[in-house]
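The structure appears below as C-alpha cells.
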Amino acid sequence: MNMASDEPGSGDWATPGEPPAQPPYFTPPPPAPGWGPPAPGWGQPGYGWGPPQPPRPGIIPLRPLAVGEILDGAFTTIRRYPAATLGLTAPIMLVVEALRTATSYYLLHGIRTDITTTTNGTITGFGNVGDYAGRTATVEIIVAIATLVATALLSGIIATIIGQGALGRPMSAGDAWRATVPSFWRLLGASLLVLLIIAAVGVVGVAPGILIAVYGATGPGVALAVLGGLAAFVIALYLGVALSLATPALMLEKQGVLAALRRSRLLVRGSWWRIFGITVLAGIITLVISGIISAPFAFAGGSISGILSGNSSEQFTFTPLLLTGIGGLIASTLVRPFSSGVIALLYLDRRMRSEGLDHTLQQAAATPAP
C-alpha cells in the first residue's frame, strides 16, 4: 500500500484486503548484572512494560479515539485549517442564507396570517392562513434543496481536510476545493440517496394506515398510521446512523455512491450505539453554539420588525430578514465544519478499531509527503 501519496484517498485510505500486520511488541532490555538497577530508561514513559505513546503528527493521536478526542479533533481541525474550513464554509453558506432571505422576502413579505371575526359573527382570514402555509412550504423546500447541496459539498471538503490533518499534512482552501469538486456529483448522489431511502421508509410506514382511514375505517386507520409511523421512525433512525459514514468513505477511499453506502454500513456494524451517541452529543453541541450565536440576531430582527411595522400581522420585512440571515450565516459557518468533522473522525475511529488503520497511518505519517 502506497502511503506516501499526497492526494487524499489515493493510497492512504484504500479499503484493505486484510488488516495490516501489527508492529512487534516492545522487547525489554537485558537486566543489569546481579541485583543492580535496571537499564537506563526502564520503567519510564515509552520504555519498559509501558507501551510507547502513539504518535500524534496532526489533529488526533493515531490510535482508536475516545469520545473527547473525536470532539476535540473536530475543533482542532478548524483551528489548524481555518482557511480551508471556515474560508470555504462561509461563501457556500452565504449562498444558502442569501437564497433564504430573498425567497422569504419575495414570497412572504406583507402576507397576513390573522383570522378575524366581523361584527355579524362571520370568521374570515382562513384563506390568508392557507396562502401563508403554501408560501412558507415553498420557501422551506427551496432552502432545503440548497442546504442539501451545500451540506454534501461541505461534508466532502471537511472529510478531505480531516484525512490530511490526521497525518499532519498541510491543506489549503484551494487544495481542499480541488480535491473535492471532482467528486461533487457522487457526494450529492449519496446524500440524495440516503434522504430518499429514509423518506421511502416513512411513506411505507404510514401509507397503509392513511389509506385505510381514507376509505372509511378512520379509527383503525389512524391507529395503524401511528404505529407504522413509530416503526418507520425507528428504522429510519437506524438507517440514518448506519449510512452516516458514507461521505468520508466516498472521499477518502474514492468509492462510488452505492459502494460508499455499503462501506458505511459495514463500518458501523457492531458500533451503532456508540456512533449514535456521539452523533447526538455533537448535535447538541452544535445546537447550543448555533443558538447562542443566532439568538441575538433573531431577537434584534424581531424587535426591529415590531418597530418598523405598525401592524402586528405584517411580517418578513427586509431588515429583520437580513439580520436573521447574518446570524444564521455566522452560526452555520462555525458549526457545520464541526459536525462534518465529527462524522469524518468517527469514520477514522471505526477503521482504526476494526481494520488496524492506525498502524498504517503511523507509517504514512513517518513518510515525508512528496
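Readers should treat all values here as calculations from the given coordinates under stated rules, not as data from a laboratory. Every value quoted in this text rests on a predicted model; they were computed, and no experiment measured them. For neighbour counting, all protein chains shown are included, and Cβ atoms are generated from backbone atoms with ideal geometry for every residue, glycine included.
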Modelled label-to-label distance, Asp131 and Leu237, 7 Å Cα→beta-carbon offset: nm?
4.1 nm
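Between beta-carbons, use under 12 Å as the cut-off and find the net charge around Val342, counting Lys and Arg +1, Asp and Glu -1. Before the final figure, lay out each step's value.
Details: positive: Arg336; negative: Glu69, Asp72, Asp349.
So the surrounding residues net to -2.
What FRET efficiency, computed as 1/(1 + (r/R0)^6) with R0 = 56 Å and r the Cβ-Cβ distance, is obtained for Tyr215 and Ala298, rounded to the nearest 0.05?
On the way: r = 45 Å, r/R0 = 0.79.
Computed FRET efficiency for Tyr215 and Ala298: 0.80.
How high is the relative contact order of region 70-366, in percent, with contacts defined as C-alpha pairs under 8 Å that are six or more residues apart? Let's see the in-between values first.
Numbers: 365 pairs, mean separation 80.7, N = 297.
RCO, region 70-366: 27 percent.
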How much net charge surrounds Ser271 when only other residues with a Cβ under 10 Å from its Cβ are counted (Lys, Arg +1; Asp, Glu -1)?
+3
With viscosity set to 0.890 mPa s and temperature to 25 °C, compute the Stokes-Einstein D of region 70-366, Rh being the Kirkwood radius across alpha carbon pairs; µm²/s, no decimals.
113 µm²/s
Surrounding net charge for Ile330, when Lys and Arg each add one and Asp and Glu each subtract one, Cβ distance under 15 Å
+1
Given a Förster distance of 25 Å, the FRET efficiency implied by the Cβ-Cβ spacing of Ser354 and Leu258, rounded to the nearest 0.05, works out to 0.75
Two-site label geometry, Trp177 and Phe75: point separation in nm, points 7 Å out along Cα→Cβ
2.9 nm
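What is region 134-269 by shape, rounded, prolate or oblate, if you read a ≥ b ≥ c off the alpha carbon gyration tensor as root eigenvalues and call it rounded for a/c under 1.5, prolate for a/b larger than b/c, and oblate otherwise?
Prolate, since a/c reaches 1.5 and a/b exceeds b/c.
Quote to one decimal, in nm, the extra length available between Ile142 and Leu192 on full extension: 0.36 nm per residue of separation minus the C-alpha distance between them.
Details: separation 50, 0.36 × 50 = 18.00 nm, distance 1.48 nm.
The Ile142-Leu192 span can extend by a further 16.5 nm.
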Could you work out how far apart the two model spin labels at Ala366 and Ala98 are, taking each label as a point 7 Å from the Cα in the direction of the beta carbon, and quote it in nm?
5.0 nm
